[in-house]
Structures are given as C-alpha cells and as structure tokens.
Protein chains: 2
Amino acid sequence: MPITTDNPIRNGVDTATLFATLDAVKNNNEIAKFQFRATNRWISGTHNQSTIHGFFGAMQEMQHAGVHVFDADHPAVLVGADNGPTPVEYVLHALAACLTAGIANVAAARGINLTSVESTVEGDIDLLGILGLGKGEVRNGYQGIKVSFKVDGDDPDKLREVVEQSTARSAVYDIVTNGVPVVIEVEAG
Amino acid sequence: MPITTDNPIRNGVDTATLFATLDAVKNNNEIAKFQFRATNRWISGTHNQSTIHGFFGAMQEMQHAGVHVFDADHPAVLVGADNGPTPVEYVLHALAACLTAGIANVAAARGINLTSVESTVEGDIDLLGILGLGKGEVRNGYQGIKVSFKVDGDDPDKLREVVEQSTARSAVYDIVTNGVPVVIEVEAG
C-alpha cells in the first residue's frame with residue numbers, strides 16, 4: 001500500500017504523527033521524560049496482582065484508556081497455585097512486545113511494509129539460584145534468553161536491518177541486557 | 001496461626017511441600033533446570049500479543065493450568081492505539097510480583113505471619129533514547145526504578161529482613177539489576 005500525504009498509515013503506524021512527535025520532542029526535550037508505574041498487592045502464597053493505569057509523560061499525568069490487572073503466581077511444581085504466569089515469564093513477554101513494536105515503527109518509518117511478525121522467547125533458568133542451593137555459583141535470574149523472530153514483508157534483507165535497528169532502540173532489550181539501578185524502600189508495620 | 005504437622009500452611013504457602021521440594025532438588029539438581037517461554041505475534045502498529053502456556057521444568061514439558069494472553073501497545077501520546085500497557089510497564093509488574101512472591105515464601109519459611117504486602121513500582125525513562133534523539137548520551141531503558149513496599153505482619157524488623165532476603169533471591173531483581181545475555185535470531189521472508 002503506497003503512502004501519500006492523504007494516507008500516512010503504514011503497518012498500522014501513523015507515520016505523519018510519528019514524525020510530528022519526533023519534531024515536537026526535538027523542540028522540547030521535557031516532553032520525553034516519562035515515569036511508568038505498577039502497583040501490586042499480595043493475595044496468598046506466591047499469588048499476587050498488579051494494576052497498571054496511570055503514568056507521567058509529555059509534562060503531565062496521564063492514564064491508559066483501561067485499567068489493566070495482571071495475576072502472577074508460581075505453578076504447582078514450584079509450590080504455587082498457578083493463578084497466573086510466573087514473574088519471569090512476564091519479562092519474556094515484555095521483551096518480545098518491545099522488540100515487535102519497534103519493528104513495526106522502524107519498518108513504517110523506512111517505508112517497508114510488514115505482513116507478519118512472530119516470535120518465540122525462551123529463557124533458561126537454574127532454580128538452584130533462587131532456592132539458595134547454588135553455593136553462590138548460580139545466579140537467580142535467567143542465564144540466557146533467546147528470541148527467535150519470523151518476519152515477513154517487503155524485502156528479507158531490509159527486514160533483518162529493521163530487527164537490528166529495533167533492537168538498538170528497544171527499552172526492554174536495554175533493561176534486560178544492561179540492567180537498571182533498583183532502589184527498594186520498605187515501610188514495615 | 002500456629003503451624004503444626006497437620007497444618008503446614010502459613011501465608012498461603014505450603015511449607016511442608018516447600019521444604020520437600022528443596023530436599024528433592026538437593027538430591028537431584030536436574031530438577032531445578034527450567035525453561036520459560038512466551039510467543040508473540042504482531043497485530044498492527046505497536047499493538048502485539050503474547051501467549052504464555054508451556055514451559056520445561058522438573059525434567060519434563062509442563063503447562064500452566066490456563067493459556068495466558070497479554071496485549072501490549074503504546075498509548076496515544078506515543079503514537080499507539082493504547083490496546084494494553086507498554087512493554088516497559090510489564091517489567092515493573094514482573095519485578096513487584098517476583099519480590100512479593102519471595103516475601104511470602106521467605107516469611108513462611110521463617111515462621112513469620114504476613115497480613116498484607118503492597119508495593120508501588122516507579123520507573124523513570126527518558127524517551128530521547130528510544131527516539132534516537134539522545135546523541136548517544138541517553139539510554140533506551142529505565143534510568144532507575146524505585147520499589148516502595150508496605151508490609152504488615154508479625155514483627156517490623158523481621159519483615160524488613162524478609163524483604164531483604166526476598167531481594168537477595170529474586171530472579172527478576174537479578175535480571176533487571178544485573179542484565180542477561182540475549183540472543184536474537186531472525187528468519188526473514
């Protein structure tokens with residue numbers, strides 16, 4: 001589908017708005033400062049629930065259109081009640097989702113049409129770490145993650161470059177590969 | 001509620017099963033090798049959807065009781081259609097969920113009763129990074145994350161120690177603070 005000034009949508013991305021947003025941020029860097037948030041409450045055992053709704057961005061408090069609620073739990077084999085995915089599985093989802101959104105944006109910005117993007121993310125973890133049985137030699141988190149993309153569209157070589165550029169600009173890829181400083185505060189009563 | 005051999009449940013955690021699982025893993029470390037997975041498919045623009053169901057663990061292929069499907073998208077201010085939380089918000093949920101599950105487990109193992117655990121997770125991000133406007137000086141991911149816990153139960157000092165121990169044994173805290181090697185493979189057509 002050709003893009004014209006009357007039809008700036010490619011891959012479902014409104015490229016006119018995308019480029020206008022880039023220009024707006026160039027003119028005022030404050031617009032780019034965001035704070036995302038989740039609240040969580042413990043239910044029972046390893047079962048707990050997070051709510052995602054409000055965030056700060058573009059110099060104002062904002063809200064998602066919906067209130068999003070997610071359950072997390074451990075499966076029975078890990079002494080949970082399996083009321084939801086494990087926390088580490090949500091990390092895999094976040095990684096796939098971020099890279100995939102980036103693929104759609106980068107492809108649209110480059111004038112490349114996508115027909116489908118599918119991925120499988122696999123994370124290998126040795127639970128000796130979190131169980132405290134690793135004698136200090138086994139980390140708690142994933143030892144490695146593999147993302148396998150199947151991308152179809154205009155041109156295979158260009159599509160591979162799009163995935164590379166999406167990776168180079170992915171927030172979750174950066175978080176998961178490079179780490180982030182985390183501060184934990186506790187009010188105990 | 002006192003724990004007896006007839007009633008090994010504390011904080012909703014089956015401590016008898018928890019300790020039996022630890023013994024089983026001590027006797028055969030292979031039980032502890034897990035692989036978690038998510039599959040994702042692009043829908044349109046920054047909207048995509050992950051499915052979480054099967055995983056490998058305890059030396060066999062396993063499945064969660066339910067098939068879990070999660071939408072991710074960007075909000076309108078970030079040129080998306082707001083069909084779900086952003087990928088980076090799912091990371092905050094994963095971090096809160098992992099620490100909270102650990103708090104329940106550690107407290108139960110130590111014989112400490114919890115009455116409530118609530119948390120708020122805030123992640124600060126400067127989108128100049130992912131927009132490619134940071135001149136190489138702004139990272140793509142969160143610059144910092146703050147987790148604020150409110151924990152109520154038996155004893156404030158012991159509860160603070162429980163949060164510390166949960167952090168020291170948290171898979172997602174390790175992933176997010178220390179990073180993980182990620183391999184990305186692309187099949188383009």
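The values are calculated or read from the model by the stated rules, or taken from the named source; none is laboratory data. Being a predicted model, the structure only gives us computed values, none of them experimental. Note: ideal-geometry Cβ built from the backbone for every residue, glycine included; neighbour counts use all protein chains shown. Surface accessibility is based on the protein's heavy atoms, side chains included, excluding ligands, DNA and RNA. Shrake-Rupley method; radii C 1.70, N 1.55, O 1.52, S 1.80 Å.
Structure summary
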read-out	value
Those residues of the range B:60-100 which are of a type in the set (D, E, K, R) and more than 19 Å from the chain's Cα centre (by Cα), in sequence order	B:Glu61, B:Asp73, B:Asp82
For B:Asp152: the one exception among (1) more than 7 Å from every other protein chain (Cβ to nearest Cβ); (2) under 30 Å from A:Glu185 (Cα atoms); (3) part of a strand (DSSP E or B)	(1)
Only one of A:Leu133, A:Leu127 that is surrounded by fewer than 17 Cβ atoms within 10 Å (Cβ to Cβ) and aliphatic (A, V, I, L, M)	A:Leu133
The range B:107-123 - residue that is outside any loop (DSSP other than H, G, I, E, B) and touching a residue at least 40 places away in the same chain (Cβ under 8 Å) and, of those, most open to solvent (accessible area, probe 1.4 Å)	B:Ala109
Answer from A:Ile145, A:Ile184 - the residue that is in contact with a Gly (Cβ under 6 Å, 6 or more places away or on another chain), facing chain B (nearest Cβ under 7 Å) and not in a helix (DSSP H, G or I)	A:Ile145
Subset of the range B:40-93 (residues that are within 7 Å of chain A (Cβ to nearest Cβ) and surrounded by fewer than 18 Cβ atoms within 10 Å (Cβ to Cβ))	B:Arg41, B:Ser44, B:Met62, B:Ala65, B:Val77
Within the range B:164-181, tally of residues that are at the interface with another protein chain (Cβ under 7 Å from one of its Cβ atoms) and open to solvent by less than 10 Å² (accessible area, probe 1.4 Å)	7
Residue selected from the range B:57-73 under the condition touching an Asp or Glu at 6+ places or on another chain (Cβ under 8 Å) and aliphatic (A, V, I, L, M), by the criterion farthest from B:His93 (Cα to Cα)	B:Met59
